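The values are calculated or read from the model by the stated rules, or taken from the named source; none is laboratory data. Just so it is clear, the structure is predicted and the values come from calculations on it, not from any experiment. Cβ: placed from backbone, ideal geometry, glycine included. Neighbour counts: every protein chain shown. To get the accessible areas, we keep the full protein, side chains included, count just its heavy atoms, and leave off ligands, DNA and RNA. Shrake-Rupley method; radii C 1.70, N 1.55, O 1.52, S 1.80 Å.
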Amino acid sequence: MAFLDRNYLIGNAAGLRIFDAVKDLPIVDAHNHANVKELAENKNYADAWQLFAGTDHYVWSVMRRCGVAEEYITGNRTAREKFCELGRIFPLLVGNPVYEWIHLDLKRVMNIDTLLNGETANEIFDAVNTILAREDMKPLAILKKLNVVAMCSTDDPVDTLEYHRQVNAAWGGILVRPTWRPDAAMNMHLPTWSAYMQKLAARFELTFNSIDDLFKALRMSHDYFAANNCTVSDHGVEIIPGATFDKALADATFKKALSGAAVSKDEITNFQKAVMNCAAALDAEKDWVFQLHFGAMRNVRHSIFEKLGPDTGVDTGNCFQDHYPGMVDFLNAFDGKLKTVLYCFDPTQISTVASVARAFSSKVKIGAPWWQCDNPIGMKRQLEYFGSVDLLNNCSGMVSDSRKLLSYGSRHEMFRRVLADVLGTMAELGQAPEELLTELAVRLCYEQPRSFFAI
């Protein structure tokens, strides 16, 4: 078996046949961190580092783990120097999905079969740069090459979304939809919260005197996003707070925090429940999908966070978190009313998510393998376990969760191959007819995300 050949990640004949049925399906990516301004400007990428690694936290993390100095990752070294340093340590990444993703990107998009290493990095850097200078390698053209037909970015309630409108006008249809993510309004514990409240109030020309004013601003933002083709919200929480709250206490807490007075952890949790309840109620009214990403411990490496800020590749999981009470409270509060997707960060939480999800209606979906589960081993374990405890048919489909354009191709291919292998194994073990498993694969790879997320 050759590297990344037809059998890549598929160990049985039935799986290969199932993969043939899904490999060319259009890509629907319902959660990512696309730079929509970059898509709207639609300028050629400057170089291979910008496209392959400049925004990829997975790459940054593994480079740090290989002892690469930060100046070669987020520092002032040239793009060539950074790419060559990546090449130097790249053979050390064998076994990590970054090794496969980048080679998939090189092979599938650039038609470059050369292995990336210290000796080939310069050559590959120049070859990629030559390709990227072509007219047919601008961002929107790359998306067409990848067969991306629908994608949802991640956007703050104060965003004005003009770049989404520009992209869709250039595309000639709705390619990029915004995703409404009100985390900044919810995160009262962060030092940035007070300034954000001022920003949110100014965006909608309101004065915040009570929590009802905050709810009004969130509704105005929600309506604005709906008018700009949004069908999805997203919520990132460390531990799911739930949805049952004391409104009087939330209002008092809101006023205290606005005045600069100290608030307790319990008060903040109740306030977060209030905002989460408000957001879910708005989603339910419009039949949006409420995406719940939980479990990420943010910015755990202090030296990187202090130097570079958030979202720089130093978030982790914690297997000791207890999501069960908040998850059950939230799902009961909106039982039968709200389309919900649960994204599991840590593999140790898979059993809780599966057992809770199966107790609720089909409006509750299990999300794509996320972050620490976003690799062949994690995907396979999650698919096998969810398929045994809940229903594979109640998975919402794959999302890239990426800031890198090329990820829409390589990460979806990896998922489709792992899915085909899991289903093919079931076929060969006589667990289900191959034709039904093939239909299931098509549903999960394209039909289900398209219909469930309404994109």
Scan the range 4-11 and tell me whether some residue there is touching a residue at least 12 places away in the same chain (Cβ under 8 Å), closer than 28 Å to Asp315 by Cβ and of a type outside the set (D, E, K, R). yes
Inside the range 349-455, counting only helices (runs of 4 or more DSSP H) that do not spill past its ends, which hold 2 or more residues that are within 26 Å of Thr316 (Cα to Cα) and more than 18 Å from the chain's Cα centre (by Cα)? 350-357, 376-389, 407-428
Report yes if some residue within the range 215-236 is surrounded by fewer than 17 Cβ atoms within 10 Å (Cβ to Cβ) and not in a helix (DSSP H, G or I); otherwise report no. no
Say we look at the range 198-214 and pick out the residues that are assigned to a helix (DSSP H, G or I) and of a type in the set (A, V, I, L, M); which of these is farthest from Gly295 (Cα to Cα)? Ala202
First in the range 324-352 and touching a residue at least 40 places away in the same chain (Cβ under 8 Å), second anywhere and of a type in the set (Asp, Glu), Cβ under 8 Å, 6 or more apart: Leu338/Asp283; Lys339/Asp283; Lys339/Asp287
Could you please find all residues in the range 1-54 being buried (at least 21 other Cβ atoms within 10 Å of the Cβ) and of a type outside the set (A, V, I, L, M)? Gly15, Phe19, Asp29, His31, Asn32, Tyr45, Trp49, Phe52
I'd like to verify a number: residues in the range 137-164 that are open to solvent by 70 Å² or more (accessible area, probe 1.4 Å) and more than 25 Å from Glu447 (Cα to Cα), how many? 1
Within the range 240-258, track down each residue that is part of a loop (DSSP other than H, G, I, E, B) and buried (at least 18 other Cβ atoms within 10 Å of the Cβ). Ile240, Pro241, Gly242, Ala243, Phe245
Criterion: surrounded by fewer than 23 Cβ atoms within 10 Å (Cβ to Cβ) and assigned to a helix (DSSP H, G or I) - qualifying residue of Asp322, Asp311, Asp329, Asp335: Asp329
Would you check if Pro449 is out of contact with any strand residue (DSSP E or B) (no Cβ under 9 Å at 6 or more places or on another chain) and closer than 30 Å to Trp60 by Cβ? no
Positions within the range 263-277 being assigned to a helix (DSSP H, G or I) and either over 14 Å from Asp183 (Cβ atoms) or open to solvent by 20 Å² or more (accessible area, probe 1.4 Å) (or both), in sequence order: Lys265, Asp266, Glu267, Ile268, Thr269, Asn270, Gln272, Lys273, Ala274, Asn277
So Phe294, is it within 23 Å of Pro241 (Cα to Cα) and touching a Gly at 6+ places or on another chain (Cβ under 9 Å): yes
Filter the range 278-301 for residues that are among the charged types (D, E, K, R) and open to solvent by 50 Å² or more (accessible area, probe 1.4 Å); the one that is farthest from Phe453 (Cα to Cα) is Arg301
